[in-house]
Every structure is written in structure tokens, then in C-alpha cells.
2 protein chains.
Amino acid sequence: MKISFVGAGNVAWHLAQAFESAGPIISEVYSRDPQHARQLVGLLYDTAIQPDLNFSESEAEVLLIAASDDALEGIMQRIVLPPGVILATVSGSHALADLQHLVEVYSDVPVRTGVLYPLQTFTKGASMDYTQIPFCIEATEEETEEALFKLAESVSPHVQLADTEERRALHIAAVFACNFTNQLFSIAHDLLKEEQLSFELLKPLIRETTHKALQSADPATVQTGPARRSDWATTNRHLNYLQEHHSDWAAMYRLLTESIRERHFEEG
Amino acid sequence: MKISFVGAGNVAWHLAQAFESAGPIISEVYSRDPQHARQLVGLLYDTAIQPDLNFSESEAEVLLIAASDDALEGIMQRIVLPPGVILATVSGSHALADLQHLVEVYSDVPVRTGVLYPLQTFTKGASMDYTQIPFCIEATEEETEEALFKLAESVSPHVQLADTEERRALHIAAVFACNFTNQLFSIAHDLLKEEQLSFELLKPLIRETTHKALQSADPATVQTGPARRSDWATTNRHLNYLQEHHSDWAAMYRLLTESIRERHFEEG
């Protein structure tokens, strides 16, 4: 199978290498920033830099759009597709119906549409175990669905179908569990830095917290801390301190404390 | 060294066993709930259940208060202390000066005060590596400080002095990095459950996110997600969905997205 990429950011950087190692050939990579395309192509075996969005001569059977959602409509306005290609986004949040609509509006040739969503966080340059990535597949036709399923399965055993609503829930959940979690780690880092304390001190705690959550079927069962044990003397002391020094973090503290309180209210 | 515990909750459950394995003898355990004291004493070698807060006959050199901060003043009103004992809390948030003040108000005999704060999350029954716990020590006198330092060092090599302000920063940071993080995991779990999706799907992502944060000196450097890449089409779609279904989670989404945006604004 031959695939090409539109986009050479974090997701494309990893997926292109993961697919190539698993068998599929990466034909072309296009990026708005030619240097990004050059960097990625340099890591692949025999891939051409695609200079523009004219893919009419491409031999790719699957064209993966790994660009930010904001960029999708702009790409669809300009892209020239080879007839019959499978055009798939790697987006967690974009509805398949919207992609299909954009194709109907902008493409001169009939193409098939789908989504191949890897539920993972990617950072260029970091090594990772691709066999651990859950992939969610959706397509407008069964044949397309099967082709994307097979492509994902070449990399990982964790492939499942997920429709647009399910994928949206997964993406929002991933933002909470991953992006927001990391922002909380970052705030914790900054709080310590103000007292010239090292983030290293918190690492055993973060390791243990995550370990317990990952061992559980529902992280609510392993919730700890002042809000969980209704220790309002402590939460109020924390809030007073934050209110004086970081009113934005105080608002966050209040909201999350309230959320824990409500979730565990009936358990006492 | 002989130590006794006031409280038999999550922290006492672990610290008593950790200290006993390391050498110190646990003389007595008191708990408001006698069953909790019985449970803990059953796991220790030769420890008495202390039926009330009259410790006047205790041979303990260190009395550790491992109770919720709300309960501290009530305990201090009723406790009878042996002269010269080191009275220490395991609290991250209580000021040493406040403990000293409560002693001056309520105790008939002179005692020494301090704090031995283990920066870790404890759940009864879960096994853990005690040598990985960072301990923070503070005391009103150097001799007391040394005694508590030595006690903590019997368990873990990660012991350091931290004054009340530093400990407060550590505790608030721990609430963000641990308790709030777990609440975000819990919300992610609930979002998936509404679509009959398993929390298992998110576990590789959580594992990778934490791994990257723990490898970094500052988690801000490994931040990913729609807010980090200024993908406002996606954040708005998420917010619209949450606003309709869970307005409390929408408020949290907004605040954390804004926090990421501000933190990374200058980096573009």
C-alpha cells in the first residue's frame, strides 16, 4: 500500500515512520513549511517532497491529512486529488460528514473519505512504542473502512471503529486526561519554582498517582487529597494563598475542588 | 527510637509500616475510630491500641499526628502529652507556628514541635516503595529537626528541610499535580462512559503523557493539544459540546485552555 501525507507536524512525523516500518510505502509528504517536509522525508526510505497540493499524479492509495483542523478547509480548497483515492484525516474532532461535504464542494474528482485517528500524544523526536497506539477508524463506505482498518492494523493491534460522536468523546477525554493534566503539572512546576524548589521533588508523587489511576477501572476510586477527605481548612488556606498570588490558578483550584467534592459527595 | 501515631488513616497506615520495617518501634496507635486503630495495629509487630488521647504514660519519643487538618485543634484540646516528647504533624499545609501556638495554649507540659511531611499519595492496602518518598522536615529547634531528619532518613534517602512557606508551595503543587490530575482522569473516564467507551482506550495516552512530563525538567516544554497549537476550531467545537451536556466541565475546559494559551502565548 502507498500512502502520502499532507502535513509534517508531530502526528505525521510519527505516523509516517510507524507505517513505513510496518510495510506501507510513503510516497509523498507535503508541508506548508518546506523545511518540515524535508526533515521528515530525510527520515524515510524513498519518499518525495511534494512541493504543492497538486496530488493529481500521485500513486498513493491513501492520502492522510495530518494538519490542524483550522487548516482543513484551506487545504481542501486548493488540493487536487487523484480519482478514487482514500482521503482521510487523523483528526479526533473533525466530523466525517464535514470532510465529505468539503470534498463534494471542492473536489473535481470522486474520492472516498475516512478518518484514521491515533489516540496518542506525539512529540517530534521522542521515541515511542507504536504498537501501543489505539487507532479509531471511520469511513463513509465499508470498503474504505476496511482499507483504513488494515492500514492501522499494520502498526498496532489496538484498532477499532468509532463514529464521529464516539471520536469526539474520545478527543475531549484525551484533552482532559493528557493536555490539561500536563498543564496542571506545569502549574505545579511553576508554584515550586517560585520557592526555588525543584520539580524533581514532585516526580515520585506524579509517578504514584498515575500508577494508581492506570491500575484502576475508574480513577474516581483512587481519588485522594484535601477535597476528597473534606478537609476544608486546608483547601481554604490554599485558596487564600492562591487568591493573593495567582488569581487564575485560584479559580482553577476552586473549580477542581468543587468538582471532586460533587463527585464524592454521596460517598461521604 | 519509639514512635506513636494519632490517626490510623491512609498516611498513618503506610508510615507506621514503613518506619517499623526500617527500625523504629511503633508503641501506640490512637484513632477516633477504634476499628481503624485495630486494623493498623494488626499489621504491626508489637504495638498497643491507645484507647484515648491520654499519652502521659507513653514511652514514645516522637508522637506523629496523622489526622486531617480540621481535626488538629480538637486533638490538641484533649491530648495529654508526656513531657519533652516531639510532637510532629505529617501535614503539608499546617504552619509549624500554629502547632506551636496550640501547644502553648493547651499543653500542661513542655514539648517540642515539628513537621515530618511525606510528599506522596497514600492509599490503604496499596503496596509502594517507601524509599522513593521525599520527606520535608521542619522543627522549632535544631535538635528536634535532627531527630525528625534521622527518623525520615531511616525510611528514605530523599529527606530535606522545608520551612512552612516552602511546604505550603509543595502541598499546593501536589494538589495540582496529583489530586486535580486524578480528577481530570476521572472526568475523562465519565466522558467515555457516556458513549459506552472503555477507559482502557485512554491508558496508553495517559502513560505517554506522564512519561514525557517525568522526563522533562519543566512539563511546559512537552505541552501538546489543540490549545497549544492554537487550534481554536477544535477547542470551540469541544466547548459547544460540553456547554450543552456538562456546563461544569465546560467551565473547566475554558479555564485550562486559557491557561495553556497564556503560558505559551509568546512562543507562538
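Every number in this text was worked out from the coordinates using simple rules, so none of it is lab data. Quick caveat: nothing in here was measured; it's all calculated off a predicted structure. Cβ coordinates were reconstructed from backbone atoms using ideal geometry, including for glycine residues, and neighbour counts include every protein chain displayed.
Quick notes
- Within segment A:1-39, tally of residues that are of a type in the set (A, V, I, L, M) and within 19 Å of the chain's Cα centre (by Cα): 7
- Any hit, segment B:41-61, residues being within 14 Å of chain A (Cβ to nearest Cβ), without any contact (Cβ under 8 Å) to a residue 40 or more places away in the chain and out of contact with any Asp or Glu (no Cβ under 6 Å at 6 or more places or on another chain): no
- Across segment A:123-151, the qualifying residues are those that are assigned to a strand (DSSP E or B) and either without any contact (Cβ under 8 Å) to a residue 12 or more places away in the chain or among the hydrophobic types (A, V, I, L, M, F, W, C) (or both), and the one among them that is farthest from the other protein chains (Cβ to nearest Cβ) is A:Ala139.
- Test for B:Ala67: is it of a type outside the set (Ser, Thr, Tyr) and closer than 20 Å to A:Ala233 by Cα: yes
- One residue stands out among those in segment B:152-190 that are more than 10 Å from chain A (Cβ to nearest Cβ) and touching an Asp or Glu at 6+ places or on another chain (Cβ under 9 Å): the one that is surrounded by the fewest Cβ atoms within 10 Å (Cβ to Cβ), which is B:Leu161.
- So B:Ser259, is it surrounded by fewer than 23 Cβ atoms within 10 Å (Cβ to Cβ), within 30 Å of A:Asp231 (Cα to Cα) and either free of Cβ contacts under 8 Å to residues at least 24 places away in the same chain or charged (D, E, K, R) (or both): yes
Conditions tested, residue by residue: (1) under 30 Å from B:His211 (Cβ atoms); (2) touching a Ser or Thr at 6+ places or on another chain (Cβ under 8 Å).
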| residue | (1), (2) |
| --- | --- |
| A:Leu87 | no, yes |
| A:Asp98 | no, no |
| A:Thr131 | yes, yes |
| A:Lys150 | yes, no |
| A:Glu153 | yes, no |
| A:Ser156 | yes, yes |
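- Of the residues making up segment A:214-236, those that are more than 7 Å from chain B (Cβ to nearest Cβ), surrounded by fewer than 17 Cβ atoms within 10 Å (Cβ to Cβ) and under 28 Å from the mean Cα position of the chain (by Cα) are A:Gln215, A:Thr221.
- Only residues that are more than 29 Å from A:Val115 (Cβ to Cβ) and either of a type in the set (A, V, I, L, M) or touching a residue at least 40 places away in the same chain (Cβ under 8 Å) (or both) were counted across segment A:157-193, and they come to 5.
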